[in-house]
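A.B. asks: Mind looking over this structure? Questions follow.
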Amino acid sequence: MSSNAVSLSIPEGVPYIDYEREFDFPVEDVFRAHKDPDLVTQWLGPRGMEMKIEEYDLRTGGSYRYEHSDDSGSYRFAGVFHTVRDNEFIVQTFEYLGFPDVVSLETLTFVDLGGGRCKLVGHAVYPSQEARDGMAESGMETGLSEGFERLEELLAAGSAAR
């Protein structure tokens, strides 16, 4: 397993969350794993969850809708991709359909570190402090950490390579 860990920042009194995670793989491969729905189902979310995609169109103006499920239940999510620049940047909305009308605006920046390495930098803004706190307490850190570990495993297997 990689020594790259998620760095999560949940500052007091502001309705946003920041995170970073480095990968020992090129930006193009990490971005491809975010863009290809067949790859997304193999890594997005915590371990032990099955993912089914209803819609996933990672392009400017595209949208997504998917479900994670396990023995304890199912969890549905939806959003719109507002801006997508391949291998650089994604701006999207994110909504957990179990709490409708609480939509966050998220950016994900793909940073080329050189030497075949990259870093993801995420920023999520919530409509209220209460919504941000709810997300922070929902297991977000575990979901991000395990999802990115699964992404790294997928990349190491060569599944997202060109």
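A.B. asks: Find how much the distance from Asp57 to Asp112 grows on full extension, using 0.36 nm per residue of separation minus their present alpha carbon separation; answer in nm with one decimal. Walk me through the numbers on the way to the answer.
C.D. replies: Details: separation 55, 0.36 × 55 = 19.80 nm, distance 2.37 nm.
Using 0.36 nm per residue and subtracting the Cα-Cα distance, I get 17.4 nm.
A.B. asks: If you don't mind, there's one more thing I want to ask. Name the longest site-free stretch of the chain, where the excluded sites are GluC sites (Glu not before Pro) in a DSSP loop with no more than 12 other beta-carbon atoms within 10 Å. Don't jump to the answer; show the numbers that get you there.
C.D. replies: Numbers: sites that count: Glu12, Glu137.
Free of exposed loop sites, the longest segment is 13-136.
A.B. asks: What share of Cα pairs, in percent, lie more than 14 angstrom apart in region 80-162? Please report the intermediate quantities before stating the final value.
C.D. replies: Numbers: 2473 of 3403 pairs.
Counting every Cα pair in region 80-162, those more than 14 Å apart make up 73 percent.
A.B. asks: For Asn87 and Val125, compute 0.36 nm times the residue count separating them, minus their Cα-Cα distance, and round to one decimal in nm.
C.D. replies: On the way: separation 38, 0.36 × 38 = 13.68 nm, distance 2.21 nm.
Net length gain for the segment: 11.5 nm.
A.B. asks: A follow-up question, please. Run the numbers on region 51-156 and let me know its relative contact order in percent, using alpha-carbon pairs under 8 Å that are six or more apart.
C.D. replies: Details: 176 pairs, mean separation 14.4, N = 106.
Across region 51-156, relative contact order equals 14 percent.
A.B. asks: I'd like to know how the chain sits against the 2.2 N^0.38 Å rule of thumb: what's its Cα Rg over that expected value? Show your work: numbers first, answer last.
C.D. replies: Values: Rg = 15.0 Å, N = 162, 2.2 N^0.38 = 15.2 Å.
My calculation over the Cα atoms of the chain gives 0.99.
A.B. asks: By counting other Cβ atoms within 10 Å of each Cβ, how are Leu105, Leu155 ranked from fewest to most?
C.D. replies: Numbers: Leu105 16, Leu155 22.
Going from least to most buried by this count: Leu105, Leu155.
We did not get these values from a lab; they are worked out from the coordinates using the rules stated. Everything numeric in this text was worked out from a predicted model, so none of it was measured. Neighbour counts are summed over all protein chains in view; Cβ atoms, including those assigned to glycine, are modelled from backbone coordinates with ideal geometry.
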